[in-house]
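The values are calculated or read from the model by the stated rules, or taken from the named source; none is laboratory data. The shown structure was predicted, so the numbers you read here are calculated from the model rather than taken from an experiment. As a convention, Cβ positions derive from the backbone with ideal geometry for all residues, glycine included, and neighbour counts pool all protein chains shown. Just so you know, the surface numbers come from the protein's heavy atoms only, side chains and all, with ligands and any DNA or RNA stripped out. Shrake-Rupley method; radii C 1.70, N 1.55, O 1.52, S 1.80 Å.
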Amino acid sequence: VQLQASGGGLMQPGGSLRLSCAVSGSIFGIDRMSWYRQAPGKQRELVADIGGAGDTNYADSVKGRFTISRDNAKLAVYLQMGSLKPEDTAVYYCHVNTFYGTSYWGQGTLVTVSS
């Protein structure tokens with residue numbers, strides 16, 4: 001199973017970016033799909049997650065600015081990021097877990113917010 005994240009880059013404060021993560025390989029029973037991030041010198045933290053029915057959770061720091069979505073047919077999860085702040089700078093990782101107790105991480109995509 002592979003998770004391929006893309007869409008990171010350099011953005012000015014106030015800008016927007018859309019991250020994508022495509023899941024491939026033999027995976028069954030995907031439950032929640034998530035985005036985490038890890039800033040330099042900090043622990044990895046949950047940014048947002050989404051269940052198969054579209055129920056979502058967000059970190060307080062991104063509520064109202066980020067939107068997570070998923071395409072179950074394409075086995076993909078997205079993170080639309082808006083009103084970006086320098087403190088959003090981090091490596092963003094996608095993650096999925098299944099109803100069978102397995103979980104998988106993507107390789108990470110770097111988002112840098114700087115003027």
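Odds and ends about this structure:
- Meets criteria (exposed (fewer than 13 other Cβ atoms within 10 Å of the Cβ), among the small types (G, A, S) and either within 17 Å of D31 (Cβ to Cβ) or at pLDDT 95 or above (or both)) for G101: yes
- Count of region 17-48 residues, restricted to those that are at pLDDT 95 or above, among the small types (G, A, S) and closer than 23 Å to K74 by Cα, is 4.
For (1) closer than 23 Å to V113 by Cα; (2) open to solvent by 60 Å² or more (accessible area, probe 1.4 Å); (3) not basic (K, R), each residue gets a yes or a no:
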residue: P40; (1), (2), (3): yes, yes, yes
residue: I50; (1), (2), (3): no, no, yes
residue: R65; (1), (2), (3): yes, no, no
residue: S69; (1), (2), (3): yes, no, yes
residue: L79; (1), (2), (3): yes, no, yes
residue: E87; (1), (2), (3): yes, yes, yes
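- Output for region 19-58, where each listed residue is over 14 Å from Y93 (Cβ atoms), part of a loop (DSSP other than H, G, I, E, B) and not aromatic (F, W, Y): G25, S26, I27, G29, P40, G41, G51, G52, A53, G54, D55
- Verdict on Y92 being open to solvent by less than 10 Å² (accessible area, probe 1.4 Å), at pLDDT 95 or above and not aliphatic (A, V, I, L, M): yes
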